[in-house]
1. Please go through region 1-49 and give me each residue that is part of a helix (DSSP H, G or I), closer than 17 Å to residue 59 by Cβ and polar (S, T, N, Q), ordered by number.
2. Please indicate, with yes or no, whether at least one residue in region 40-48 is charged (D, E, K, R), under 22 Å from residue 9 (Cβ atoms) and open to solvent by less than 80 Å² (accessible area, probe 1.4 Å).
Amino acid sequence: MKQSEIKDLSAAQLQENLSQAKKTYADLKMAHAISPIENPLQIRSLRRAVARLATELTKREVQ
């Protein structure tokens with residue numbers, strides 16, 4: 001998810017996407033620990049997406 005797309009979301013949508021992305025990230029990490037996944041770069045991109053969502057949510061809370 002790009003930063004421009006994230007800025008257009010509401011706070012509720014951000015929270016929902018963040019929880020979903022965290023769950024997907026945890027599932028992917030577990031799957032990779034059990035047996036190597038086909039594309040391990042998915043883990044990195046998902047981790048960064050979680051960080052982008054969390055950053056935007058925190059930024060909105062501060063304002």
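1. Residues satisfying the conditions are 3, 4, 13, 15, 17.
2. Taking every residue of region 40-48 in turn, none turns out to be charged (D, E, K, R), under 22 Å from residue 9 (Cβ atoms) and open to solvent by less than 80 Å² (accessible area, probe 1.4 Å).
The values are calculated or read from the model by the stated rules, or taken from the named source; none is laboratory data. From a predicted model like this one, the values you see are computed outputs, not experimental measurements. When we count neighbours, we look across all protein chains shown, and the Cβ atoms used for this are built from the backbone with ideal geometry, even at glycine. Keep in mind that these areas ignore ligands, DNA and RNA; they rest on the heavy atoms of the full protein, side chains included. Shrake-Rupley method; radii C 1.70, N 1.55, O 1.52, S 1.80 Å.
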